[in-house]
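For reference, the structure is listed below as structure tokens.
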Amino acid sequence: MAGGQERELRRRIKSVESTKKITKAMELIAASQIAKAKGRIESNKPYHGGMRRIIVKAAQGDSRAAARLLGKPEKVETALVVVVVGDRGLSGAYNSSVLRASERLIADLKQAGTAVRLIVVGKKGATYFRFRGQDVELAFEGFSDKPEFADALGVASAAAQPFVAGEVDQVLMVSTRFLSSATQAVDTVQLLPLVDPSASEAESDEDAKPEAKVLTGYTEFEPEAGKLLAELAPKALESELFTALLEASASFHTAQQRAMAAATENASELAVTLTRVMNRARQDSITTEIMEIVGGAEALRQD
Amino acid sequence: MALIGVEVVTPEKNLFTGAAVSVVTKTSDGDLTVMAEHAELIGDIVPGITKVELASGEIMDVVVHGGFLQVHTGEGVADDLFKDGEDVPARSTRVTMLAGVAELTSDIDLAQVEVEIAEFEVAVDKFVALVSGKGADDPDLKESQFELEQARVALDRARLRKLAVSAKSA
């Protein structure tokens, strides 16, 4: 019996060690992906920033058109929710926290009497909502690890089309924002109507507000600002979505690295504990054997 | 000739940054040429070829598949776009071109574009047949329509690339 237990433990230790090798490898892969994903966020910054600058300028040029395109809709009868998660798991709470937040959002919307349509990016999201009987209108997958701009174009046109057709009044997006390497947070933002980027910036930076009000001279618009804004809106949506996809992928890799580092540590601990148990079992079996021999010798001597 | 700073920015990378003499592009209002001391301007760029005349006199063709441009004139606004040794004017003009998809004509491989065009033509035909073969209540109709639209956009892009290469070599 004792020898059997020892063999059993040896097998478990071996399996824990090989799991540890896998999680360690995944941790290292994720770490290298984080660096790449961060680089991609950086290279997107000039475009994203330039887009926002142009929107702000054009909105100043035609405030009436801006009021129509930017801001909060007065009444929302149907809302389109875009949920951005990963294609893969093994990333701690990354997927589940986004899914939980979006489920809460959908429940809130429904309670307010708003019909909800759903677009999901990432394999994990599509299966989650389909399993719960929630209709998924369009599901995208296969690019959450390394989103290309063309992928964002596809999602953006799918999100914008019902809005342009007047079928939905608001497009919301739930995704993970990559605030820094240490912090990522699930966030819900309104994609359409576009949120005036200057509004959020002025809020966060009170000092810049009076300066922004001052007109910096005459700006020409080609075509006129109102028409330009209408053209800008879908492009800005693409840019916002692409940025969100990039940040989501960086967050995914960060979450995966963290989860795998924890798993590796747990595996090490488990291996140490199991080794201790195994050694004790072996010692026990040796002690028992000696006792048996001693006991047998004692019995012979009394004869 | 006073130089202007030009940058062509896409979401994936900065395609070009540097000094230039002029930028000739096309907005939906018509052709537009930007040179030094141009007024502040924001405009769109319709899909087509934008020509940048570099400081060396060489003309660089950029294929822009739709985008926007911002012209910004002021003191030191384009300093970061000039290389060392280039004559930086005190008051400079910065032309920022933003495009979702854009490429330098010199980077385009004609043979590859021909293959792409053939591929996308087949794809468009396939999806046209697929969409017309489906009833209005088919749940997959939306997805096929979506894919058809994507294939058409890709085909237009490939054709524009080919046009740009043949216009340059002609």
Q | Hits in the stretch B:7-25 - residues which are facing chain A (nearest Cβ under 10 Å), in a strand (DSSP E or B) and either of a type in the set (Asp, Glu) or open to solvent by 10 Å² or more (accessible area, probe 1.4 Å) (or both) | A | B:Glu7, B:Asn14, B:Thr17
Q.
Going by what's in this entry, would A:Ser239 be described as among the hydroxyl-bearing types (Ser, Thr, Tyr), in contact (Cβ under 8 Å) with a residue 24 or more places away in the chain and open to solvent by less than 30 Å² (accessible area, probe 1.4 Å)?
A. yes
Q. Among (1) in contact with a Leu (Cβ under 7 Å, 6 or more places away or on another chain); (2) modelled with pLDDT of 95 or more, where does A:Ala281 come up short?
A. (2)
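Can we say A:Met26 is over 30 Å from B:Met97 (Cα atoms) and either in the same structural domain as A:Ser239 (by TED's automatic domain parsing) or not charged (D, E, K, R) (or both)?
yes
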Q.
Go through the stretch A:23-67 and report how many residues are assigned to a helix (DSSP H, G or I) and in contact (Cβ under 8 Å) with a residue 12 or more places away in the chain.
A. 29
**Q.** Tabulated pairs, the stretch A:158-173, first over 17 Å from A:Thr243 (Cα atoms), second assigned to a loop (DSSP other than H, G, I, E, B), C-beta under 6 angstrom, 6+ apart or interchain
**A.** A:Pro162/A:Val168; A:Asp169/A:Pro73; A:Asp169/A:Val76; A:Asp169/A:Glu77; A:Gln170/A:Pro73; A:Gln170/A:Val76
Q.
I need a count of the residues in the stretch A:135-155 that are more than 14 Å from A:Val83 (Cα to Cα) and of a type in the set (D, E, K, R).
A. 4
Q) Can you find even one residue in the stretch B:63-83 that is at pLDDT 90 or above, touching a His at 6+ places or on another chain (Cβ under 8 Å) and open to solvent by 50 Å² or more (accessible area, probe 1.4 Å)? A) no
Q. So, in the stretch A:226-236, of the ones that are more than 30 Å from the chain's Cα centre (by Cα) and open to solvent by 10 Å² or more (accessible area, probe 1.4 Å), which residue ends up farthest from A:Ala67 (Cα to Cα)?
A. A:Lys227
Q: Name the one entry in A:Lys45, A:Lys14, A:Lys36 that is open to solvent by 10 Å² or more (accessible area, probe 1.4 Å), within 14 Å of chain B (Cβ to nearest Cβ) and farther than 30 Å from A:Glu231 by Cα.
A: A:Lys36
Q) What number of residues within the stretch A:248-265 are open to solvent by less than 30 Å² (accessible area, probe 1.4 Å) and either acidic (Asp, Glu) or not in a helix (DSSP H, G or I) (or both)? A) 0
Q: Scan A:Arg100, A:Arg117 and give me the residue that is within 25 Å of A:Arg258 (Cα to Cα) and of a type in the set (Lys, Arg).
A: A:Arg100
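The values are calculated or read from the model by the stated rules, or taken from the named source; none is laboratory data. This is a predicted model, so every value here is computed, not measured. In this analysis, Cβ positions are derived from the backbone assuming ideal geometry, glycine residues included, and neighbour counts consider all displayed protein chains. Ligands, DNA and RNA are stripped out before the accessible areas are found, and what is left, the full protein with its side chains, is counted by its heavy atoms. Shrake-Rupley method; radii C 1.70, N 1.55, O 1.52, S 1.80 Å.
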